[in-house]
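The next block holds one structure in the form of structure tokens; read it before the comments.
Every number in this text was worked out from the coordinates using simple rules, so none of it is lab data. Here the structure is a predicted model, which means the values were calculated and not measured. Neighbour counts are summed over all protein chains in view; Cβ atoms, including those assigned to glycine, are modelled from backbone coordinates with ideal geometry.
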Amino acid sequence: TCDTQSSGIKILDDSTINKIAAGEVVERPASVVKELIDNSIDAYATDIRVEIRGSGTKNITIVDNGTGMSHKDASLAFQKHATSKIKTIEDLNSVMTLGFRGEALASIASVAKVEMVTRQKEDISGTKVVVDNKGLKSISAAGSPVGTTISVEDLFYTTPARRKYLKSMRTELAHITDVVTRYAISYPDISFTLVSDGKEIVRSPSSRDLLDSIVHLYGADVARSLIPLEFESDLVSISGYVSKPELTRSGNDLQAFFINGRSISSRLISNAVRLGYYTLLPKGRYPAAFLKFTIDPKFVDVNVHPTKREVRLSHEKEIENMIIRAVEDALASTDLIPEAKVGK
Ligand code: ADP
Ligand code: MG
């Protein structure tokens, strides 16, 4: 037998490693919703339906009509570092998919009971996979429409401490609603539905443009106070809407920023937008801003944090200045949204 004194270091087993990783990726029910929607979008889904019970703590089910997975891929998807999206670190310079770490499904499965049914167009039969925190429980052929349905049951049943730290059911639901709303704005061509305990909370039909989505999700009053913003340079192109200085909030809940389709939070961008208003904003108030940035992926480091909500930008100073200028220009134009586009 070995000497326990000299063998203090042990390699953690996979289930423990996954639980630790899950602590970073899966903070709360809304993080599960985010990761699963990412996957559906990466799989080219045009219709994504999210159904939750108990603010996501009892059940989160996501149904997409994306490409689905082969039987083999379905059997691998829940393993750690299993990804179809990158092969080498160089691929990160051009990554356009939302996922690439290959750890979301493994992490989720380590803290919940997960079932997945999936089928690719070219396969006659689909695959059903059942996973729990000990790994793959069963895999079998199953009838399925083309696409993927993932059901996440009893979130954090393996980690009661984390479960205890969840905020009120209302707060968790608000986070999920926020996540789905941001995606709905970001991807107007995808139809999103969120159903909570049988009640439809978000419904954003497809083939609407950004403004239509804003009207739908935030109401005509918000949309009426918006000014279109378009900016183009070699480094970055920006398009979207900012509000007239009259429409402000005490927090940034009327702001959504997207870089190359990814919903991100960025102090830099938020501050630059405020700077564009100079003294027009009351102290401590934030304008509405819905902005999409297209930047060469090699200038955007998304590999900063496991949730990928934060990004690091090269050429920060230039980008900041461009945002300020873009907001100035938008505010200087009298180009308000025509009443006809917003409705009453
Ligand atoms: P990542 O998204 O970083 O690759 P995930 O753990 O989220 O890692 O997913 C693992 C893999 O499972 C993906 O790379 C993809 O091939 C497959 N996958 C997951 N969800 C879906 C889905 N909804 N439709 C099709 N394939 C999926
Ligand atoms: Mg993913």
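Here are Ser55, Ser75: which of them is surrounded by fewer than 16 Cβ atoms within 10 Å (Cβ to Cβ), more than 16 Å from ligand 2 (Cβ to nearest atom) and polar (S, T, N, Q)?
Working: Ser55 fails: surrounded by fewer than 16 Cβ atoms within 10 Å (Cβ to Cβ).
Just a single option satisfies the conditions, and that option is Ser75.
Given Ser243, Ser270, Ser263, which one is without any contact (Cβ under 8 Å) to a residue 24 or more places away in the chain and under 21 Å from Ile324 (Cα atoms)?
Numbers: Ser243 fails: without any contact (Cβ under 8 Å) to a residue 24 or more places away in the chain; Ser263 fails: without any contact (Cβ under 8 Å) to a residue 24 or more places away in the chain.
Matching residue, one of Ser243, Ser270, Ser263: Ser270.
Just need a number here: residues in the range 80-116 that are free of Cβ contacts under 8 Å to residues at least 60 places away in the same chain, surrounded by fewer than 22 Cβ atoms within 10 Å (Cβ to Cβ) and away from ligand 2 (no atom under 13 Å from the Cβ).
Adding up the residues that qualify gives 7.
Could you tell me which residue of the range 94-118 is nearest to Met69 (Cα to Cα), considering only residues that are touching a strand residue (DSSP E or B) at 6+ places or on another chain (Cβ under 6 Å) and more than 10 Å from ligand 1 (Cβ to nearest atom)?
It comes out as Val117.
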